[in-house]
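Encoded as structure tokens, the structure appears first; notes follow it.
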Amino acid sequence: MDALIVRKVNLKPGEETVKIVRHYGLTFCPQIFAVFLLLTLPFFFLFPLFKLGYWGVSLFSFLLILGVVFGLRTLFIWYYNAFVITKQRIIDIDQRGFFERVVSEAPLEKIQDVSYRIKGIFQTLLRYGSVRVQTAGATAELELHNIKDPEKIQELIANLSRLDIKKSGEGDFDPDLPEPAKEEFKIIRESVNDLSERQLEGLEVIVRNKLRQMKLKRLEEIKNIGKERDGRQDFSELL
């Protein structure tokens with residue numbers, strides 16, 4: 001059932017799908033009721049419409065075609081409007097019609113916060129709501145509305161994010177810096193994640209040159225300190 005949507009997101013080599021989350025089916029009741037009316041009402045007025053001749057048959061056919069198209073559109077939007085959760089990232093597919101689709105994604109290591117919201121009597125009784133994922137990338141927020149058991153999806157994404165950070169070792173690295181510098185270091189680390197391979201290679205050259213300069217400067221300071229000590233020692237011998 002999910003083969004088509006998995007094919008659309010172009011999974012990376014070795015990337016595994018954990019779960020595909022769609023809108024709760026009951027939230028489409030108004031659309032389903034509209035499709036039901038469009039497909040059944042023409043048959044209730046079948047004889048009066050056919051008595052009108054060409055125009056009646058045309059109206060009958062139009063209502064049936066409209067019902068089929070609207071039903072297919074509803075099914076199409078339900079199927080493709082989803083969160084695809086993998087072991088590496090979250091992919092948000094926002095299907096707005098037959099010919100409009102917006103796809104956003106967030107790597108697990110960039111997820112900063114995951115929350116869910118259940119609002120109102122119907123959402124509380126039927127246990128559906130929305131899940132919001134806040135990230136550190138260009139796409140600051142991903143959100144999927146009207147999903148079943150949002151607290152379970154929130155817990156799943158949060159656990160995957162923590163597991164990814166633990167695997168990468170980023171969560172264990174805490175540089176000995178004052179708080180303002182730590183915040184700046186965090187921003188730099190997040191920016192590095194967005195760099196391409198070529199940009200990272202260029203950054204590596206810059207960092208190596210900077211480290212070399214710092215080591216040479218430290219070595220020069222040590223030599224100067226040694227010269228000062230030797231000078232003071234020679235002066236004491238003269239006295």
All positions within segment 71-87 that are more than 15 Å from residue 2 (Cβ to Cβ), of a type outside the set (Val, Ile, Thr) and surrounded by 17 or more Cβ atoms within 10 Å (Cβ to Cβ): 71
Residue under evaluation residue 10, criteria (1) more than 24 Å from residue 144 (Cα to Cα); (2) exposed (fewer than 10 other Cβ atoms within 10 Å of the Cβ), criterion not met: (1)
Would you check if there is a residue in segment 137-158 being surrounded by fewer than 18 Cβ atoms within 10 Å (Cβ to Cβ), in contact with a Phe, Trp or Tyr (Cβ under 7 Å, 6 or more places away or on another chain) and of a type in the set (D, E, K, R)? yes
Between a first residue in segment 53-66 that is surrounded by 12 or more Cβ atoms within 10 Å (Cβ to Cβ) and a second residue that is among the aromatic types (Phe, Trp, Tyr), which pairs have beta carbons less than 7 Å apart while being 6 or more apart in sequence or on different chains? 56/50; 57/50
Could you list all residues from segment 132-177 that are at pLDDT below 60 and part of a loop (DSSP other than H, G, I, E, B)? 137, 138, 139, 169, 173, 174, 175, 176, 177
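The values are calculated or read from the model by the stated rules, or taken from the named source; none is laboratory data. On a predicted model such as this, the values are computed, not experimentally measured, just so you know. With ideal geometry, Cβ positions are generated from the backbone for all residues, glycine too; neighbour counts draw on all protein chains shown.
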